[in-house]
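This report refers to the structure that appears directly beneath it.
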């Protein structure tokens, strides 16, 4: 019984983290677009933000993989 509660708690924690990371990822999209629209041609800052965004995407993918059960066909 305790294992089921631990598993459910871990799943809920991962789902919360996933939601937070997705929000941050979308926010970075908005920030990058704003930099481009405002004519701020700070390519170093834009490149840095894109790298951070890719790291977020990787973390999102890893969490989604943990939440998706392996199905043996």
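Here are a few things to note about the model shown:
- Considering helices alone, the calculated mean residue ellipticity of the chain at 222 nm is -30000 deg cm²/dmol, with DSSP H runs of length four and up weighted by -39500 (n - 2.57) and normalised per residue.
- Rg(Cα) / (2.2 N^0.38 Å) computed for the chain, rounded to two decimals: 1.52
- FRET efficiency, residue 23 to residue 43 (Cβ-Cβ, R0 22 Å, nearest 0.05): 0.30
Read-outs: derived from the displayed coordinates by stated rules, not from any lab. Everything numeric here is computed off the predicted structure, so don't read it as measured data. Virtual Cβ from ideal backbone geometry, glycine too; neighbours counted across all protein chains shown.
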